[in-house]
Amino acid sequence: MSKAIYPGTFDPITYGHIDVIKRAASMFDEVVVGVLNNYSKSPIFTPEERAEMIKEACADIPNVRVSTFSGLLVDFCRENGIPTIVRGIRSISDFEAECRTADINHTLDNNVDTVFLTARGELEQISSSTVREIAFFGGDLSFFVPPFVAEKTREKFKNSRS
Ligand code: COA
């Protein structure tokens, strides 16, 4: 059975992430979406909230599983028998950074390799921080995230703008 992980912070999940997950799910028997419990960022959503939103957004994709993890990605891969990491590429700068990370991960564990999926044109500009900023100022999120994610993100900022 072919297995891959799509790791990230997903604070929150966007249509850009969902596009990558759908495409990866058509290439592998199982795709694990790995939600990083990341202490170097300060996410607005807890890992559990982020994982719940991903489960809801991917409910119609049967071969997707959502899991939280902390520590090194390659350790999670080894513990769960996952040989392939999937990462999305939106720009040249993403590509440069992702090449470095793929190389580091392969150096840490040479049984793990990374494949890249390039973002579709209209999804190239999406990022979770853009979504958070638009939500903070009460803007329209319909192009970027599913309606239930928009609502939960706006809810987070409800009392912080005054
Ligand atoms: N659609 C929308 N947004 C996308 C995207 C896409 N296709 N691809 C990337 N992004 C955005 C995210 O929204 C996020 O935006 P933000 O910074 O504005 O919030 C940004 O790109 C980066 O997020 P993400 O892809 O989640 O990467 P990350 O840097 O948060 O985490 C990990 C990347 C999880 C793969 C990496 O940190 C990791 O493996 N950490 C574990 C520790 C480890 O193993 N380290 C050794 C390797 S260096």
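The values are calculated or read from the model by the stated rules, or taken from the named source; none is laboratory data. Values in this document were obtained by computation on a predicted structure and should not be read as measured data. Note that we place each Cβ from the backbone using ideal geometry, even for glycine, and neighbour counts take in every protein chain shown.
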Could you go through segment 61-69 and let me know if any residue there is within 12 Å of the ligand (Cβ to nearest atom) and either assigned to a strand (DSSP E or B) or surrounded by 19 or more Cβ atoms within 10 Å (Cβ to Cβ) (or both).
yes
Checking the structure you have, find out if any residue of segment 22-42 is among the acidic types (D, E), at pLDDT 95 or above and farther than 18 Å from T153 by Cβ.
yes
For segment 1-53, the count of residues that are aromatic (F, W, Y) and surrounded by 23 or more Cβ atoms within 10 Å (Cβ to Cβ) equals 2
Find the residue count for segment 79-135, including only residues that are crowded, with 16+ Cβ neighbours inside 10 Å, of a type in the set (D, E) and either farther than 21 Å from D19 by Cα or at pLDDT 95 or above (or both).
1
Which residue pairs have Cβ atoms closer than 9 Å, lie 6 or more positions apart in sequence or on different chains, and pair a first residue in segment 42-54 that is over 16 Å from E151 (Cα atoms) with a second residue that is part of a helix (DSSP H, G or I) and at pLDDT 95 or above?
P43/E49; P43/R50; P43/S128
Is it the case that some residue within segment 97-104 is within 11 Å of the ligand (Cβ to nearest atom), in contact with a helix residue (DSSP H, G or I) (Cβ under 6 Å, 6 or more places away or on another chain) and either part of a strand (DSSP E or B) or within 29 Å of I82 (Cα to Cα) (or both)?
no
Any idea which of (1) assigned to a helix (DSSP H, G or I); (2) of a type in the set (A, V, I, L, M); (3) away from the ligand (no atom under 11 Å from the Cβ) is the one V115 doesn't satisfy?
(1)
